[in-house]
1. So how much slack lies between Asp256 and Thr78, counting 0.36 nm per residue of separation and subtracting their Cα-Cα distance, in nm?
2. How much length is gained on full extension from Lys294 to Tyr99, taking 0.36 nm per residue of separation minus their Cα-Cα distance?
3. Hey, with R₀ at 45 Å, roughly what FRET efficiency would Glu218 and Tyr197 work out to, going by the Cβ-Cβ distance, to 0.05?
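What follows draws every value from the coordinates through simple rules; no lab data is involved. Model, not experiment: these values are computed from the prediction. Quick reminder, even Gly has a Cβ in these numbers, built from the backbone with ideal geometry, and neighbours come from all protein chains shown.
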Amino acid sequence: METIAYKCINCSGPLQYNAQKLKFYCEYCRSAFTEDELKAHFGSLDDQLNQAAQNEDVTPQDVPEGFEDFASNTVMYTCENCGAEIITDKTTAATFCVYCHSPVVLSNRLTGAFKPTKVIPFKIAEQDAQDKFFAFCKKKHFLPKDFISGAQLEKMRGVYYPYWMVDSTKNGHLYATTTKIRTWVVGDDEYTETKTYRVKRGGIIDFKGFPHPALRGEHSKALKYVNPYDDNEFRPFTMAYLSGFLAEKRDTERQDVQAEVDAELKQYAEKIYKNTIQGYDTIRVDNVDVKTLKENWQYAMMPVWMMNFNYNGKSYLYAMNGQTGKNYGELPINKGKLAVFGIILFLIIALLCGLGGYLLS
Ligand SMILES: [Zn+2]
Ligand SMILES: [Zn+2]
């Protein structure tokens, strides 16, 4: 497994992308460089990216009995800084050496067909991500009192996740049955008139940069909630941005998720067509057909701050958009506090009803 370590121009120390400075930073001599400065010094940053992946992944040898599954899902590499042998998951594309903490980019994971087209660099630094997490917890009134002291919080992890970004031009139609209802009274009789209409809507819709997770598993659930990203800040992909963060490579191909994306875009198209039907009392959608005129898929890396934590033996997941700060989290709920809230609410409603009755009497 080949690795890339980006070195400081001044002291050859390991360089990491710093989300606070928006530059590549050396912790040894505290120099900071822009992407252009690194390119001017080193030439292309991703020389290895232009070659097809030549080296096959090397899986650990001499697998003890019962560990075959572990072995087939892990890969070994050697840290360039300290020479230690490190084991990673099959989808890991960037990580840290567990011994010397140097950032390591596993170049073969992102070469050839697996080369991403673009990347949004982290814009929220680790400390800010942590502060935002505690602010998020503070806002949750039903959080158990001892949560901050009692929960085992892991370190916040900055991870680049693989996404498919889909541009799609659709042409479609929606057929609906709608009604307009009119009632009026003459003497003691009430009349109702219902007019029924057959409504057709249609047109061309351009979806730009529709994101779909390219990695399976529990995390893709959280990723849905931290969307969207501001796609004005996309940059052409270079592995240098991964340095100092974790990164995952995709484990799904376009054909694996095409049907899911089609279904999601069809739902959006239906909503857009339906929203143009106005001025009726009822709307029933009978049929929607949506055809794809043109489609372009790109593979992109998006920044997410992630944290797992344990509270009372249960594990929870917190995720934050590394560019916009939009967050998503599962938090434990203090059932006692919730019950008290329910009782107070009940009392307030009872009081309001009592008061209403009093005013009416
Ligand atoms: Zn340096
Ligand atoms: Zn090391």
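1. So the chain would gain 60.8 nm between Asp256 and Thr78.
2. On the way: separation 195, 0.36 × 195 = 70.20 nm, distance 4.90 nm.
Contour length minus Cα-Cα distance gives 65.3 nm.
3. Values: r = 46 Å, r/R0 = 1.03.
Here the calculated transfer efficiency is 0.45.
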